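The values are calculated or read from the model by the stated rules, or taken from the named source; none is laboratory data. Here the structure is a predicted model, which is why all the values come from computation and not from measurement. Note: ideal-geometry Cβ built from the backbone for every residue, glycine included; neighbour counts use all protein chains shown. Ligands, DNA and RNA are excluded from the accessible area calculation, which covers all protein heavy atoms including side chains. Shrake-Rupley method; radii C 1.70, N 1.55, O 1.52, S 1.80 Å.
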2 protein chains.
Amino acid sequence: MEEKVLKAIQDDYPDDFAWCYGCGRLNEDGYHLRTGWMGENTITIFNPRPANIGMPGFVYGGLIASLIDCHGTGSASLYLHRKNGNEVGDGVNPPRFVTGSLKVDFLHPTPVGEQLKAIGTVEEIHPKKYKVYTEVFAGEKLVVTGEVAAVLMPKTFRKEE
Amino acid sequence: MEEKVLKAIQDDYPDDFAWCYGCGRLNEDGYHLRTGWMGENTITIFNPRPANIGMPGFVYGGLIASLIDCHGTGSASLYLHRKNGNEVGDGVNPPRFVTGSLKVDFLHPTPVGEQLKAIGTVEEIHPKKYKVYTEVFAGEKLVVTGEVAAVLMPKTFRKEE
C-alpha cells in the first residue's frame, strides 16, 4: 500500500522558495518531496523513479542523500513553524531553511521497488540552527541514516533585487 | 570555456555496473558524471541542468551531494586501478566501489551558470576502503567540501543469479 504525507510543509513554502529540485512543488522536473509530522517525528516518503539506480536492483545513494537533505530542511521548518505557534495549512508562511552540512551512512544496499520513508528527529542547536537525525527505511528495513544541519535561510539566498 | 575530462574511469566500468543515475554511461536519464586524473588529484566536471536549483539562482545541494558521491567512488576506482598497475583505457576492467558514507559541508551558496569542478584527494584506509576528500569549485570559488568513504563493491550488490 502506498502511503502519502497529507499535510506537508513544502505545500506552504512561499512561491519564491518553492523551486527546489528535491522538494519544490513548482519545479516540474523535480522530485516533489513532501515532509509532514508523524507524532513527534517528521516523515518524508519517496518513490524512486526507475532510472534512479546506483547498480541494477538498488537505489542510487545520491538520491537518498537528496531525500535526507530536503527531509532535513523540511523537518526544521516544521519544527520552527510549530515553535512559532503555527501549523501546516494555517495560511502563515513557514520559515525556509538551507542545508549547512549533510552526513549520510549507507548501512545496507537499498533495494528498488520499495517505498522509502525518511523518519526524522529534530534537535534545536540555536534558534536559527537545527540538527535533523534521519532514518531511512525501505519497507520495514533500516537501510540508511542521515544527519542534516539546517540553517535558517540567510538573506544571501534571496534573488538580487 | 567548458572543460571536459578526457579519460574517465566510468568509461571503463563493465556494462553491468554502468547504470548509475549519477555516473553510469548507460543510464539515459542520468547525469553521466565522469572522473579522471588531474596530476595527483582526481577531477569530475558537472554542468547542472536548469531544473537543478535549490533556490532560484542557486544549485540544488542534493545534486552537489550526488556529484561528491560519484566523484568519490570514481576517484577510489582510479586510485586502486593505478595501484593495480592499470590505467583508464588500457582495456582492463577497473574495480567498482560503493559509498559507505558521505559528508558534505556547504560553505557558500553555489551560483547557477558556472561549471562545477570537484577536485579529489584519495587516501587509502584499507585495501578495500578509501577516503576521498573533495573540494567543489564554482568557477574559481570554493563552495562545498565533501568526504566519501568508498568501499570495494561487495558481492551483495551483484544481481541475483
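Select, from A:L6, A:L107, the only residue that is surrounded by fewer than 23 Cβ atoms within 10 Å (Cβ to Cβ), at pLDDT below 95 and either within 14 Å of chain B (Cβ to nearest Cβ) or more than 19 Å from A:E124 (Cβ to Cβ) (or both).
A:L6
Any chance you could count how many residues in region B:93-126 are touching a residue at least 24 places away in the same chain (Cβ under 8 Å) and farther than 24 Å from B:L63 by Cα?
The total comes to 5.
Considering only residues that are within 28 Å of B:G30 (Cβ to Cβ), of a type in the set (A, V, I, L, M, F, W, C) and in contact (Cβ under 8 Å) with a residue 60 or more places away in the chain, which ones fall in region A:1-42?
A:A8, A:F17
Pick out the one residue from A:P154, A:P127, A:P94 that is open to solvent by less than 70 Å² (accessible area, probe 1.4 Å) and more than 10 Å from chain B (Cβ to nearest Cβ).
It is A:P94.
Mind listing whichever residues of region B:62-91 are within 14 Å of chain A (Cβ to nearest Cβ) and among the charged types (D, E, K, R)?
Hit for region B:62-91 is B:D69, nothing else.
Which one of these does B:H81 not meet: (1) touching an Asp or Glu at 6+ places or on another chain (Cβ under 8 Å); (2) without any contact (Cβ under 8 Å) to a residue 24 or more places away in the chain?
B:H81 satisfies all of (1) touching an Asp or Glu at 6+ places or on another chain (Cβ under 8 Å); (2) without any contact (Cβ under 8 Å) to a residue 24 or more places away in the chain except (2).
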